[in-house]
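Asks: Provided herewith is a single structure, encoded as structure tokens, for subsequent inquiry.
Every read-out reported here was derived from the displayed coordinates using simple, explicitly stated rules and does not represent laboratory data. Note that this is a predicted model, so its numbers are computed, not measured. Because the Cβ atoms are built from the backbone with ideal geometry, glycine has one as well, and the counts that use them run over all protein chains shown.
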Amino acid sequence: MEIELTDDEKKAIASLKRVAKKWPESLWLFSASGSLCVMKYDDNGIPYETKSGCMDPDAIVDSIDIPNDGGDW
């Protein structure tokens, strides 16, 4: 399938690629219920988890309003 992109869509993708090049290793992104959450790793470089082994929402440092889905193919 070939999908045509608008110039604005191409620019948005290029912007995300530029951000990825300078993204700090201390942060990661987590998709939760449609929210793109910026998360911080602990001092050992491991994602914070709750006692039950789930991602800890207290480690969210910000969220970004870009539609997303964390499902797998």
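Asks: What angle, in degrees between 0 and 90 and rounded to the nearest 10, separates the Cα long axis of helix 7-22 from the longest principal axis of the Cα atoms of the chain?
Replies: Result, in degrees: 40.
Asks: Of the lysine pairs in the chain, how many meet both conditions: Cα atoms under 21 Å apart, and a spacing of 8 or more in sequence or different chains?
Replies: Values: K10/K21; K10/K22; K11/K21; K11/K22; K17/K40; K21/K40; K22/K40; K40/K51.
The result is 8.
Asks: Further, regarding this structure: Eigenvalues of the Cα gyration tensor times 5, then square-rooted: what semi-axes does that give for the chain, in whole angstrom, largest first?
Replies: Working from the Cα gyration tensor, I get semi-axes of 28, 16, 10 Å.
Asks: Okay, helix-only estimate at 222 nm for the chain: each DSSP H run of n ≥ 4 adds -39500 (n - 2.57), divide by all residues, round to 500 deg cm²/dmol; what do you get?
Replies: Value at 222 nm, helices only, nearest 500: -7500 deg cm²/dmol.
Asks: Select from M39, S63, A14 the residue farthest towards the positive end of the dipole of the chain; place +1 on Cβ of Lys and Arg, -1 on Cβ of Asp and Glu, and compute about the Cα centre.
Replies: Of the listed residues, the answer is A14.
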